[in-house]
Every structure is written in structure tokens, then in C-alpha cells.
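S.K.: First the structure, then my questions, so here it is.
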Amino acid sequence: MSSDTSHDTKDVVFIGKKPIMAYVTSALIQLANNPKVSIKARGLSIGRAVDVAQIIARRTDNSGYSIGQIRIGSEHLESLDGRSRNVSTIEIEVQKNA
């Protein structure tokens, strides 16, 4: 992801291969202490990141969370066989409603 100095790693959830609810729980715990949290993913995990954000925003309607800014981009990576390729990235902000 981009080196954005406005975020500490403590308010970011990086999406990987764990079950979706593990990331939802992690994000909700961070939202208890922070006004917003960023959900970041790249490649095949992008769909899972969108699911996590949607679960937090929709299933917790009475808790008052909403989806904020969404940033998409790509990273230039080198694969194991030495070839370079572009990998899509996404960052979704989930925030407490005022």
C-alpha cells in the first residue's frame, strides 16, 4: 500500500486468508477505540475486504458504522520467478457515525 503517514498500523486491518469474521471482529475492536479504521487488501483478497466492510456497515446498523472513503490502486511487485507484475489494491475506511 502507499506509505500514507496519516495512518498508524494500529488502525489498519490487513486482509489475508483468515475467515471473514476474524477480520470483522478485529475491525470492530479497533473501532471501539478509534473513530475510523482502514481495511486494506490486495489481489485476490479485495473481495474479502469489501465483504468485511459491508458486514460492519450493514449488520451493525444500530451501532452506527458507515463506509467512508474508498481508495483503489495498484502495486508493482516481482513474482517468485523474477517477472514483474501489477497487483490491484484497495483501502476502505469504516467510521463511526457522528
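S.K.: Counting only trypsin sites (Lys or Arg not before Pro) that are in a DSSP loop and have at most 15 other C-beta atoms within 10 Å, tell me the longest site-free stretch of the chain.
M.R.: Working: sites that count: Lys17, Arg83.
No qualifying site falls inside 18-82, the longest such stretch.
S.K.: Using amide H atoms built in the peptide plane, which far-off residues or other-chain residues are under 5 Å from Asn34 H to H?
M.R.: none
S.K.: For the chain, rounded, prolate or oblate, judged on the Cα gyration tensor with a ≥ b ≥ c (square roots of eigenvalues), a/c < 1.5 rounded, else prolate if a/b > b/c? Could the numbers behind the result be given before it?
M.R.: Details: a/c = 2.36, a/b = 1.86, b/c = 1.27.
Prolate, since a/c reaches 1.5 and a/b exceeds b/c.
S.K.: Taking the alpha-carbon centroid of each part, what is the distance from region 11-35 to region 52-87 in angstrom?
M.R.: Spelled out, the Cα-based centre of one part sits 12 Å from the other.
S.K.: Can you count the Lys pairs in the chain with C-alpha separation below 19 Å, eight or more apart or on different chains?
M.R.: Values: Lys10/Lys18; Lys10/Lys36; Lys10/Lys40; Lys10/Lys96; Lys17/Lys40; Lys18/Lys40; Lys36/Lys96; Lys40/Lys96.
Close lysine pairs under the 19 Å cut-off: 8.
S.K.: Grab the Cα-Cα distance for Ile70 and Phe14, subtract it from 0.36 nm times how many residues apart they are, and report the gain in nm with one decimal.
M.R.: Working: separation 56, 0.36 × 56 = 20.16 nm, distance 1.46 nm.
Gain on stretching Ile70 to Phe14: 18.7 nm.
S.K.: State the extension gain, in nm to one decimal, for the chain segment bounded by Arg58 and Glu78, taking 0.36 nm per residue of separation less the distance between their alpha-carbons.
M.R.: Working: separation 20, 0.36 × 20 = 7.20 nm, distance 3.71 nm.
In short, 3.5 nm is gained.
S.K.: Given Cβ point charges of +1 (Lys, Arg) and -1 (Asp, Glu) and nothing else, what value in debye, to the nearest 20, does the dipole of the chain about its Cα centre take? Mind showing how you got there, number by number?
M.R.: On the way: 13 positive and 10 negative charges, 52 e Å.
About 240 debye.
Bear in mind that the values in this text are calculations on the coordinates, not laboratory data. This is a predicted model, so every value here is computed, not measured. No Cβ is skipped: glycine too gets one built from the backbone with ideal geometry, and neighbour counts run over all protein chains shown.
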